[in-house]
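The values are calculated or read from the model by the stated rules, or taken from the named source; none is laboratory data. In this text, all values refer to a predicted model and were calculated from it rather than measured experimentally. Note that each Cβ is placed from the backbone with ideal geometry, even for glycine, and that neighbours are counted across all protein chains shown. These accessible areas exclude ligands, DNA and RNA; they are computed on the full protein's heavy atoms, side chains included. Shrake-Rupley method; radii C 1.70, N 1.55, O 1.52, S 1.80 Å.
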Amino acid sequence: MNDHPLWNAPIRVEDVPEEDGQDVTLTPDARTREALAKIAGVVGLPRLEAHFHVSRHGQGGLRVDGTVSATVEQTCVVTLEPVTNEVVEVVDLIFDPAAKDAPLAGEEESVLLGEAEPPEPLIDGTVDLGALATDFLLLGIDPYPRKPGAVFSPPPTPEDKESHPFAALAALKRRSGGQS
């Protein structure tokens, strides 16, 4: 799943109680948040939490559901001023040891609308909840953050028709009689 194993929190199938499952809350330290902010391409990551319920699923699999939430400091793409955004991503995945034949990184598997997501591969009976939380954090970050009310205004068009960027080309075309 994750190409950046900075935040590791592995959980093994046999460590999850069969009856009720297990609740797990993760909060990385400041150093890990700083490294994750660099990978995410954001200014800062002052808060990051993951709350998961992990339960057994099927024959040797796990189900992980919960939320990943964060406070992300970014730069507004319009004003270039600082902007703070909240990220909340819902997680609901099934990990199955039989799903080892899942597509390799970069390959896509088509899922039709309304169809259930195929299970993720469960490798060596372990799910890395830190890596999972990192993936959902990265999915939830707004790639084009804007301050509230910030509106992009294109540069004004020149009133003088002879001053636009392609005026010289238009003049050459007129002189040559429109011939290319």
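I'd like to verify a number: residues in region 48-57 that are over 16 Å from the mean Cα position of the chain (by Cα), without any contact (Cβ under 8 Å) to a residue 40 or more places away in the chain and within 19 Å of Leu139 (Cβ to Cβ), how many?
Residues in region 48-57 being over 16 Å from the mean Cα position of the chain (by Cα), without any contact (Cβ under 8 Å) to a residue 40 or more places away in the chain and within 19 Å of Leu139 (Cβ to Cβ): 1 in total.
Any residue in region 8-26 that's open to solvent by 20 Å² or more (accessible area, probe 1.4 Å): show its pairings with residues that are of a type in the set (Ser, Thr, Tyr) and not in a helix (DSSP H, G or I) at Cβ separation under 9 Å, as long as the two are six or more apart or on different chains.
Cβ pairs passing all conditions: Pro10/Thr126; Arg12/Thr126; Pro17/Ser55; Glu18/Ser55; Asp20/Ser55; Gln22/Ser55.
Conditions first: (1) touching a Cys at 6+ places or on another chain (Cβ under 6 Å); (2) surrounded by fewer than 16 Cβ atoms within 10 Å (Cβ to Cβ). Val83 passes all but one, so which condition is the exception?
Checking Val83 against (1) touching a Cys at 6+ places or on another chain (Cβ under 6 Å); (2) surrounded by fewer than 16 Cβ atoms within 10 Å (Cβ to Cβ), the one that fails is (2).
From the residues in region 71-81 that are of a type outside the set (S, T, N, Q) and modelled with pLDDT of 95 or more, which one is nearest to Gly125 (Cα to Cα)?
The initial filter retains those residues of region 71-81 that are of a type outside the set (S, T, N, Q), namely 72-73, 76-78, 80-81.
Next cut, modelled with pLDDT of 95 or more only: 72-73.
Values: Val72: 33, Glu73: 36 Å.
The qualifying residue nearest to Gly125 (Cα to Cα) is Val72.
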